[in-house]
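> Could you have a look at this structure, given as structure tokens, before my questions?
Nothing in this text is a laboratory measurement; each read-out follows from the coordinates by a stated rule. If you're wondering where the values come from, they're calculated on a predicted model, not measured in any experiment. As a convention, Cβ positions derive from the backbone with ideal geometry for all residues, glycine included, and neighbour counts pool all protein chains shown.
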Amino acid sequence: MKYAVRRAEKRDLADLKRMRIALQELLAGRDPRVWRLSEEMTDTLEQFYAAVMEKDENRIFVAAASRGRPVAMLMVRILNNANMDPTRFGRIDDAWVDPDWREQGVMSSLTRAAAQFLVDRQVSMVMLDWANNNPPSGTCWQKIGFEPLMTMGFASPRDILSRKE
């Protein structure tokens, strides 16, 4: 199957929303504790992605099938934190490949496009998150070159208080 990686356009907004909702459903199915988008955010995803696309420090890349319909997406943003070194870093979010297109190098191609975008802007580090209960995602990202460096812990305050010392 052939695909082409390109910058997302306004005509892709409905597909971006479709893919982000599919990502949320996949993650919730793997672990119901994973945070979900609010109903309001879900309803306004097209406006959110349109605003992301308007900023020069952001890119949304899609892999489009032969007829131009997106079958995968990846959002990359350049963030600044004056209290950190490096101050500027890249962040990847909302990465998705439709099931029929997996295991064909699509995510690798999208990530390479994001990496080139960051290199062109002298950004030296990029980060992303993946869910522990989604092993295929961790395998994919590590094959591309990401290494897990930190673990984030989550707990209910009530669960903490209910534990015996």
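> Among the aspartates and glutamates, which fall within straight-line cross-link reach of K10, defined as a Cα-Cα distance under 12 Å, with same-chain neighbours fewer than 8 residues apart omitted?
Hits, sequence-local ones excluded: E46, E54.
> Using unit Cβ charges (K, R positive; D, E negative) and no other charged atoms, how large, in debye to the nearest 20, is the dipole of the chain about its Cα centre?
Once rounded to the nearest 20, the dipole reads 300 debye.
> Turning to a different aspect of this structure: So, in nm, how far is label R102 from label D129 when the simple model puts each one 7 Å beyond its Cα toward the Cβ?
Simple spin-label model gives 2.1 nm for this pair.
> Right, here's the next one. Just check the range 1-154 against the gyration tensor rule for me: Cα atoms, a ≥ b ≥ c as the square roots of the eigenvalues, rounded for a/c under 1.5, and otherwise prolate or oblate depending on whether a/b exceeds b/c.
rounded
> For the chain, what does the relative contact order come out to in percent, with C-alpha contacts under 8 Å and a separation of six or more?
21 percent
> Please sort by residue number the chymotrypsin sites (Phe, Trp or Tyr not before Pro) in the range 67-165 whose DSSP state is loop and whose Cβ has at most 11 other Cβ atoms within 10 Å.
In loop regions of the range 67-165 (DSSP not H, G, I, E or B), the sparsely surrounded chymotrypsin sites (Phe, Trp or Tyr not before Pro) are F154.
> Please enumerate, by chain and number, the lysines with C-alpha under 19 Å from the C-alpha of K17, excluding those fewer than 8 residues away in the same chain.
Candidates past the 8-residue exclusion: K55.
> Once R0 is set to 22 Å, what does the formula 1/(1 + (r/R0)^6) return for the Cβ-Cβ distance between E147 and D120, expressed as a FRET efficiency to the nearest 0.05?
After rounding to 0.05, the efficiency reads 0.40.
> Could you pull out every whole DSSP H run in the chain that spans at least 20 Å of Cα extent along its own axis and averages 0.5 or higher on the Kyte-Doolittle scale?
Membrane-span-like by this rule: 106-120.
> Which of the trypsin sites (Lys or Arg not before Pro) found in the range 1-61 are in a DSSP loop and have at most 15 neighbouring Cβ atoms, other than their own, within 10 Å?
Counting only loop positions with at most 15 other Cβ atoms within 10 Å, the trypsin sites (Lys or Arg not before Pro) in the range 1-61 are K2, R33, R36, K55.
> Taking 0.36 nm per residue of separation and subtracting the Cα-Cα distance, what length does fully extending A14 through T44 add?
9.7 nm
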